Amino acid sequence: MQVPVGFLGKLWSFVSFLPFFILLLLLLGSVKAVLIGPVAAGIVFFGNSAVIIGLWPAHFIWTYYCVLKTERIGLVLKIFIGILLPLPLLLLPVLAIVGSLLSGVGYGVFVPLMATFEAVGEGVTDKLVHCFMDGTASTIAGACTVVRDVMDFCFHSYFSFMDDLIETMGEDETPFDIKLSYLPRSALVAFVAVPVDVLMISAVALWKSPCMLLKGWQRLCEDLVGREGPFLETVCVPFAGLAIILWPLAVIGGIIASFFSSFLFGFRAGLIAYQEASFKMGLAYMISAVAIFDEYTNDLLYLREGSCLPRPKYRKADIQKCETGQNKERYNITADPAVRQHGHHKHRRALQRSKTFMQTIQRLRPIQIWDWFFRSCSELNGRILLSEGLITAEDMEEYITKGKGKKLSIKLPAWCVLQCLIRSAKSDSNGLLISDNVEVTNFNWPKDKVFDWMLGPLVVIKEQMKKLDINEDEEMCLRKLIMTNKNEKPSDWDDSGFPSDDSIKRGQLQAIIRRLQGIVANMSRVPSFRRRFINLVRALYLEAIEAGAIDGSRDVKRRVKADVASGKIGEEGTSDVAGSSNDTLWNIDMV
């Protein structure tokens, strides 16, 4: 939608849109929510509850077995876990029922409602048809997908986590345990810190709540006048206006959240006392926690920098650095008299406006990163490895029928990521070059905890790859070594034909490959990963049979074609950051 120019034009667009919003879109979305919502909510509620409760006995027994068997946990900690573990395990069915009910109702109501509003957005053709059709069948299909992802998590991800727990430790690893002599000190610090931090942090939150109320109203009103942030899209104007009215409730919610978070600060003081083996350090954190919270709220509300409250150091390492002068620059007092007098910079930061829609869409979405990843695993590398015989029909049939296969689920994605790192290192990219036109950097990658956790280490590994200077012959050999050889020790690559005789370089590459395989193993536990990867292998298998590259099993072929006919492998193409493909391989439901 085109944003009108001038205040009167904006005001007229807002006023004229209200009847259309209230009488048509809101009413139509509510009708679809009433009709479709109970069906979707029932699917999510009964499906998730059945999966979680049905697997609860196996989870209960296997959790206890893994905790007792693992070498990564010491004897004292095992006893504590064994005593406390029944409580969360017994509460799991109750939480599953309540969570499935709430998520089912929320999904069934809000998805059809929001799909109705999105149908009149910019770039949508046949808006009238989409207003009636969007959010109906897709909501029911999405509910089934939610149940499928929960089932994959309970069947696959949980047991994968447990397998890691009972793995044999390395020679340089030590088990986690607790020292009983430290517990009385930690308990006493927590007993003192909890009431103090609850009182002080709640007082700070109450003191700053009027400022939060006025600052929030100021920002929302500025966005309303300038048609920025939530007011840029006309469809979102009524919801953003509702946010102005309900902002006091958000302030009250912030106060309540501060109250509950203050308990965590108090308990962490006991943890600090245990980690530092010092009663004094625990009390120091108890005092610093209030200053940390005050500084955080100052940054959030764009008030003065830092905090006027005392903030003693609660780590012995920090104290030693200050005493030895290693951290001199950090604690050096500036020569500006005004700063020394007032304790903070004289010029305060101006209140920043919310990001506009055009600024927001420049950041890559998580679905774009996933689309590139799965396309790279099949179209860019799967076909090549299949033609070279590094992936066989037996590998794909085992993964399709049993859902297992390290070569496909771990080694193939690890090679795709490694190839991306090599390409990024050779092009001297600041981030990760995932295609010819798209570069993922700290500024545009999705601000999502999962992606921060995955992409951050990959950027570090990419910098290591720059120093290794991989040539084309070594890159071709690495593809074979990753798929067929072990990479646990340097001798695993003996007589492998690797072009370089540098043992240090070979050891570094093996360490990088092991780390990438670990990252991929953790990625495979993310909900929706398993479903999408199985669809990818099915499509690759079917395409290879049709192209005559392999002679697949008739039973597996019949099963894959049945999945295509039943819609498990969708017929909707997916968008990719590098472009779209019309091949059979990408007629997969990747969302």
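The values are calculated or read from the model by the stated rules, or taken from the named source; none is laboratory data. On a predicted model such as this, the values are computed, not experimentally measured, just so you know. Positions of Cβ are backbone-derived with ideal geometry, glycine not excepted, and every protein chain shown enters the neighbour counts. All accessible areas refer to the heavy atoms of the entire protein, side chains included, with ligands and DNA or RNA removed. Shrake-Rupley method; radii C 1.70, N 1.55, O 1.52, S 1.80 Å.
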Against the definition (open to solvent by less than 60 Å² (accessible area, probe 1.4 Å) and either modelled with pLDDT under 90 or not small (Gly, Ala, Ser) (or both)), how does residue 125 come out, yes or no? no
Return a yes/no flag: does the range 486-501 have any residue that is closer than 26 Å to residue 433 by Cα and in contact with a Phe, Trp or Tyr (Cβ under 7 Å, 6 or more places away or on another chain). no
What are the residues in the range 522-552 that are of a type in the set (Gly, Ala, Ser) and open to solvent by less than 40 Å² (accessible area, probe 1.4 Å), if any? 524, 528, 539, 544, 552
Evaluate the following for residue 90: is it open to solvent by 70 Å² or more (accessible area, probe 1.4 Å) and within 24 Å of the chain's Cα centre (by Cα)? no
Please identify the pairs in which a residue from the range 387-406 that is closer than 18 Å to residue 559 by Cα has its Cβ atom under 8 Å from the Cβ atom of a residue that is open to solvent by 90 Å² or more (accessible area, probe 1.4 Å) and assigned to a loop (DSSP other than H, G, I, E, B), counting only partners at least 6 apart or on another chain. 393/551; 398/404
Of all the residues that make up the range 24-53, how many are crowded, with 22+ Cβ neighbours inside 10 Å, among the β-branched types (Val, Ile, Thr) and within 10 Å of residue 109 (Cα to Cα)? 1
Taking into account only those residues within the range 159-200 that are of a type in the set (Ser, Thr, Tyr), surrounded by fewer than 17 Cβ atoms within 10 Å (Cβ to Cβ) and touching a residue at least 40 places away in the same chain (Cβ under 8 Å), which is farthest from residue 290 (Cα to Cα)? 168
Can you find, within the range 489-521, the residue that is nearest to the chain's Cα centre (by Cα) among those that are surrounded by fewer than 16 Cβ atoms within 10 Å (Cβ to Cβ) and modelled with pLDDT of 80 or more? 518
One residue is enough: does the range 393-414 have a residue meeting the conditions at pLDDT below 80 and open to solvent by less than 30 Å² (accessible area, probe 1.4 Å)? yes
Being open to solvent by less than 60 Å² (accessible area, probe 1.4 Å) and in contact with a strand residue (DSSP E or B) (Cβ under 9 Å, 6 or more places away or on another chain) is the requirement here; does residue 85 meet it? no
Can you confirm whether the range 173-190 contains a residue that is modelled with pLDDT under 80 and either touching a helix residue (DSSP H, G or I) at 6+ places or on another chain (Cβ under 6 Å) or of a type outside the set (Asp, Glu) (or both)? no
Please determine whether any residue of the range 179-202 is assigned to a loop (DSSP other than H, G, I, E, B) and in contact with a strand residue (DSSP E or B) (Cβ under 7 Å, 6 or more places away or on another chain). no
Qualifying residue in the range 104-116 (condition: open to solvent by 70 Å² or more (accessible area, probe 1.4 Å), in a helix (DSSP H, G or I), out of contact with any helix residue (DSSP H, G or I) (no Cβ under 9 Å at 6 or more places or on another chain) and modelled with pLDDT under 90): no
